[in-house]
Every structure is written in C-alpha cells, then in structure tokens.
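The structure appears below as structure tokens.
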Amino acid sequence: MTQVHFVKLEKAERAVHLCTLAEEFLLLNKRVLVTVQDDNQGVTLDRFMWAWKKTSFVPHAYNNGTVDCLDEPVAIVTGEVNPNGAQVLIMAHPCSLEFIRRFETVIDFAEVYDATLADQSRSRFAAYRTAGFSPRMRD
C-alpha cells in the first residue's frame, strides 16, 4: 500500500526540501521521481540540484524529452510519467490519485506559510484519506 507523507513547510524553501528528500531516499537505494509544474520549474530544480550542497551530489536528470532518464536514480518530470521506474514520488506539483497509487512512498508538502497553499494542502490531505490512504505528517 502506498504511504503518503506530508512535509510541513513554514517558509518557501521547497527546493531545498526536494533535494534533501531525494538524497535521503537515494541513500536508501530507492529511485525517486520529482514532479514539477512546468519546464521553468524543471530547469530551475535541475540547476539547483547541481549546486545545492557542496558536500554531496544527487545524480539526477530532468526528463525534458532530450535526455534518457531510464538509468537515473532521480528523475524530474512535468507530467505523470515514471521514466526511471521510481518507487518514491516527491510532488512539487500535485498528481492524480491514480498516479500516486503506483508508488511505495509519496511525499507531498503542507505549505503553511501561505493561506491559499495551506488550504490546497488540507484539501489534498482530505482527498488522500477519502481515497483510502492514511496520510501522515513527516518530521
């Protein structure tokens, strides 16, 4: 059964959390898929992952149609595709419940620093419960 976890963000620092989580799961030998809203976010996150931490590197690729992500431990995508056979989904952009069910672990964000984003997070949390998931807050 898919495990859904929410990470509480009190500041607009999602990129740092995306990288930290991707690295965490990579160290557990899990393939990771990161969904983003559009090409701008994809390129930005791709560049950020190259330089976000000087003491480590997260091998990744942005699936922009010109790069083969099949062998990449971490793939960044704009749609509901899983080119690297990831077990872990980290959502910088929400996905459908049908897509979420394909993963062992799903990470979503509770962005409490913004009232509108916080309401959207609460709505997704409730939708996960209704769909039969047992979402939890993650430290």
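A single member of 58, 67, 81 is touching a residue at least 24 places away in the same chain (Cβ under 8 Å) and of a type outside the set (Lys, Arg), and it is 58.
For first residues located in segment 115-139 and closer than 14 Å to residue 94 by Cα, partners that are in a helix (DSSP H, G or I) and lie 6+ apart or on another chain with Cβ distances below 9 Å form the pairs 127/97; 128/97; 128/100. When we screen 88, 36, 32 for residues that are touching a Gly at 6+ places or on another chain (Cβ under 8 Å), modelled with pLDDT of 95 or more, among the hydrophobic types (A, V, I, L, M, F, W, C) and closer than 23 Å to residue 125 by Cβ, the only hit is 36. Consider segment 23-65 and keep the residues that are in a helix (DSSP H, G or I) and among the acidic types (Asp, Glu). The one that is surrounded by the fewest Cβ atoms within 10 Å (Cβ to Cβ) is 39.
How many residues are in contact with an Asp or Glu (Cβ under 8 Å, 6 or more places away or on another chain) and either free of Cβ contacts under 8 Å to residues at least 40 places away in the same chain or surrounded by 15 or more Cβ atoms within 10 Å (Cβ to Cβ) (or both) when one looks only at segment 1-22?
First pass over segment 1-22, keeping only residues in contact with an Asp or Glu (Cβ under 8 Å, 6 or more places away or on another chain): 2-7, 9, 12, 14.
Then keep just the ones that are either free of Cβ contacts under 8 Å to residues at least 40 places away in the same chain or surrounded by 15 or more Cβ atoms within 10 Å (Cβ to Cβ) (or both); that gives 2-7, 9, 14.
Counting residues in segment 1-22 that are in contact with an Asp or Glu (Cβ under 8 Å, 6 or more places away or on another chain) and either free of Cβ contacts under 8 Å to residues at least 40 places away in the same chain or surrounded by 15 or more Cβ atoms within 10 Å (Cβ to Cβ) (or both) gives 8.
When we screen 124, 138, 102 for residues that are in contact with a Phe, Trp or Tyr (Cβ under 7 Å, 6 or more places away or on another chain), within 20 Å of residue 35 (Cβ to Cβ) and either at pLDDT 95 or above or not polar (S, T, N, Q) (or both), the only hit is 138. Restricting segment 89-134 to residues that are in contact with a His (Cβ under 8 Å, 6 or more places away or on another chain) and closer than 13 Å to residue 8 by Cα leaves a set whose member that is surrounded by the most Cβ atoms within 10 Å (Cβ to Cβ) is 107.
When segment 81-120 is filtered for residues that are in a helix (DSSP H, G or I) and under 14 Å from the mean Cα position of the chain (by Cα), the ones remaining, listed by number, are 99, 100. If you go through segment 66-88 and keep only what is surrounded by fewer than 18 Cβ atoms within 10 Å (Cβ to Cβ), hydrophobic (A, V, I, L, M, F, W, C) and more than 13 Å from residue 42 (Cβ to Cβ), you end up with just 70.
The values are calculated or read from the model by the stated rules, or taken from the named source; none is laboratory data. Everything numeric here is computed off the predicted structure, so don't read it as measured data. Every residue, glycine as well, gets a Cβ built from its backbone with ideal geometry; the counts of neighbours run over all protein chains shown.
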